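Novice: Okay, handing you the structure first.
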């Protein structure tokens, strides 16, 4: 099977082997040293010397943790959004009583730093800016560095959803002054789902002191006090910690610059490949995602039929469109454990499957 | 290694093998059928025909989900507690703005249904009763049937923490009218940590409609709408779902009555064994836990030293005391995948280790 959705990604053998290891005491010496190693290695991938916590949850749980640890009901939140995941971040802020202002961009377009700057000038009461590094629903990567520059100049907290991007697309947590960065295990970290990770800056800790959104399971003050003794407050997904540790070893061995180059090379190969088949890209080509490519359903193409044909006849699993893009696009995931070989297979299979799914060009 | 802490428990080979399986699309046909099977099998173990949801989190996340899906800030909550986990449930209620009244019993003693009845009569504004089925910190099992009888007669919601007990000690969700029952993967379900499960009654759904505690990640209205299409709202811990499914197959094959009998037999063996070594039990012997036994540190015994000697010399991992019992007891976990053989090893090792840890009787 060639699993090419935007996570879970296929896992390398070392990672699967780690998943199958027997349980140990999660409050004992051996697990303590594994958890400390995972945390140190995550800091390398995060490009931070600050705090990083491991949580047992999906990426969405990590997003909720980011919000409730830094904000209070009634706080002004500028939620930048140009797709499903930007909207999700905004919805979490709203669910916990934040005064959320949505700065919306057309789906498929990037978030513009200039517009963020203006919105912050228009409403000085805003406390935090939410940004999605890689908008997985549209195949667009946002310029976090530029958005951070205007947000931090205005003294705001910057909360970044890097769930699909971290470890695959350059994100310099410290250099770009990102206060909270969320990711999870089943994307760039090439592991099964079950763990999220969240970085937390000094300014985030300052905010935490007065943040009044209710929290218990996600409380980072508790997470910090347990981390100091090599533990998590609640029983962690031990196997997923084993797995992420094995994956991080591979990632650090390959080296972030080489991974980022590989991802960029593979994403070019995907974009050129689908265009050469007569297809059109959905996302703005000025800011293409290195990890997922969204393709328009043009020329009679039925994307749902395409997904079925690709799976049933060619054993390639692609993703459809989400929410308002349902039935209008299909998406090819190319993140984590991926090489040219799998993409060649996707493109060759697509070439055969397209006519069977109504595409007539 | 003989891992005898109250979770994670050792996992059978079938479960570890399931953990090591490759990823599939969590929104595809194959996973859908696995998730539906897990849900149906969980209902058997829960002894319910109502809803059961699978969440990617620790047991504590499941407890938070139970609270925020049924209650509003200001709601009266009667939290029965006689140990660390009863206190945790109370703290979650408080963190989300509940008006929590603690009905406290001495650690090591059970929660008394009569006292619950009186507390509910004294404060008719109470909306929900929290109860810990098995208080893992003290080795005592509470009489949920009797507590439920008084709580339900008074028309209250009954939220049950069955994290360590479900699948090991009889808990009749429907017969005993438990509205919300929380468990997790690494106890009676013999799987690695990473998944919680929560049952939800009709009365719980009624409460959910007006419950105003903020929620997003834990929202069961979303969970239900995704469950209807065989999915979870957020990416689930796919491997843990594989694993729990394999474990549930074993559990259903053995049969709940036989498992409950095995657990009762093994716990008697533990209690008689430690007493024959001259040790005293901590928990009230009228309501002993079938899954964990707490033992007093008497006659010069240094329980921390004992844990070290047991691990380093005999490869047996036991647990210490929590919070106010730290340094005063040690605990032997005997839940999930356990047979007489492992307990014989624990007792034989204890006999040798006790004198090395200061015990002089």
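Novice: If I ask for residues that are part of a helix (DSSP H, G or I) and either in the same structural domain as residue A:138 (by TED's automatic domain parsing) or crowded, with 18+ Cβ neighbours inside 10 Å (or both), which ones from the range A:262-279 would you list?
Specialist: Listed by number, the residues that qualify are A:263, A:266, A:267, A:270, A:271, A:273, A:274.
Novice: Right, here's the next one. In the set B:150, B:144, B:140, B:181, which member is in the same structural domain as residue B:44 (by TED's automatic domain parsing) and in contact with a helix residue (DSSP H, G or I) (Cβ under 6 Å, 6 or more places away or on another chain)?
Specialist: B:150
Novice: Sticking with this structure for a sec: Which numbered condition in (1) in a helix (DSSP H, G or I); (2) in contact (Cβ under 8 Å) with a residue 24 or more places away in the chain; (3) within 12 Å of another protein chain (Cβ to nearest Cβ) is the only one that residue A:222 fails?
Specialist: All conditions are met except number (2).
Novice: How many residues does the range B:296-307 hold that are surrounded by fewer than 16 Cβ atoms within 10 Å (Cβ to Cβ) and within 21 Å of residue B:105 (Cα to Cα)?
Specialist: Going through the range B:296-307 one residue at a time, the tally reaches 0.
Novice: Could you list all residues from the range A:308-338 that are in contact with a strand residue (DSSP E or B) (Cβ under 6 Å, 6 or more places away or on another chain) and either farther than 30 Å from residue A:251 by Cα or in a helix (DSSP H, G or I) (or both)?
Specialist: A:310, A:311, A:329
Novice: One residue is enough: does the range B:192-202 have a residue meeting the conditions closer than 16 Å to residue B:337 by Cβ and either in the same structural domain as residue B:155 (by TED's automatic domain parsing) or free of Cβ contacts under 8 Å to residues at least 60 places away in the same chain (or both)?
Specialist: yes
Novice: Next question, about the same structure. For residue A:327, only one of the following conditions fails: (1) under 26 Å from residue B:233 (Cβ atoms); (2) touching a residue at least 40 places away in the same chain (Cβ under 8 Å); (3) touching a helix residue (DSSP H, G or I) at 6+ places or on another chain (Cβ under 7 Å); (4) away from chain B (no Cβ under 13 Å). What is its number?
Specialist: Going through (1) under 26 Å from residue B:233 (Cβ atoms); (2) touching a residue at least 40 places away in the same chain (Cβ under 8 Å); (3) touching a helix residue (DSSP H, G or I) at 6+ places or on another chain (Cβ under 7 Å); (4) away from chain B (no Cβ under 13 Å) one by one, residue A:327 breaks only (2).
Novice: Can you work out which of the residues in the range B:7-30 that are farther than 30 Å from residue A:331 by Cα and surrounded by 24 or more Cβ atoms within 10 Å (Cβ to Cβ) is farthest from the other protein chains (Cβ to nearest Cβ)?
Specialist: B:15
Novice: Would you pick out the residues in the range A:227-259 that are farther than 16 Å from residue A:27 by Cβ, more than 14 Å from every other protein chain (Cβ to nearest Cβ) and touching a helix residue (DSSP H, G or I) at 6+ places or on another chain (Cβ under 9 Å)?
Specialist: Scanning the range A:227-259 gives A:245, A:248, A:249, A:250, A:251, A:252, A:254, A:256, A:259.
Novice: Then there's this: Cβ-Cβ distance below 9 Å, separation of 6 or more or different chains: which pairs start in the range B:296-310 with a residue that is closer than 12 Å to residue B:277 by Cβ and end on one that is modelled with pLDDT under 95?
Specialist: Within 9 Å, the pairs are B:298/B:361; B:299/B:360; B:299/B:361; B:301/B:360; B:301/B:361.
Novice: Can you tell me which condition residue B:131 does not meet? The list is (1) within 25 Å of residue A:232 (Cβ to Cβ); (2) under 15 Å from the mean Cα position of the chain (by Cα), and all the others hold.
Specialist: The single condition residue B:131 does not satisfy is (1).
Novice: If you don't mind, another one. Check B:56, B:48 and return the single one that is in contact (Cβ under 8 Å) with a residue 12 or more places away in the chain and surrounded by fewer than 24 Cβ atoms within 10 Å (Cβ to Cβ).
Specialist: B:48
Novice: Which one is surrounded by the fewest Cβ atoms within 10 Å (Cβ to Cβ), of the residues in the range B:280-295 that are free of Cβ contacts under 8 Å to residues at least 40 places away in the same chain and closer than 15 Å to residue B:347 by Cα?
Specialist: So, considering only residues that are free of Cβ contacts under 8 Å to residues at least 40 places away in the same chain and closer than 15 Å to residue B:347 by Cα, the one surrounded by the fewest Cβ atoms within 10 Å (Cβ to Cβ) is B:280.
Novice: Additional query: What residue, of B:348, B:353, B:357, B:319, is at pLDDT 95 or above and within 14 Å of chain A (Cβ to nearest Cβ)?
Specialist: Residue meeting the stated conditions: B:319.
Novice: Further question on the same structure: Here is a check on your reading of the model: is residue A:208 on the phi < 0 side of the Ramachandran plot, part of a helix (DSSP H, G or I) and surrounded by fewer than 20 Cβ atoms within 10 Å (Cβ to Cβ)?
Specialist: The answer is yes for residue A:208.
Novice: For the range B:50-84, which residues satisfy the criterion of being more than 12 Å from chain A (Cβ to nearest Cβ) and out of contact with any helix residue (DSSP H, G or I) (no Cβ under 8 Å at 6 or more places or on another chain)?
Specialist: Hits for the range B:50-84 are B:74, B:75, B:76, B:82, B:83.
The values are calculated or read from the model by the stated rules, or taken from the named source; none is laboratory data. Worth saying up front: this structure is predicted, and the values here are computed from it rather than measured. Glycine also receives a Cβ, built like all others from the backbone with ideal geometry; neighbour counts cover every protein chain displayed.
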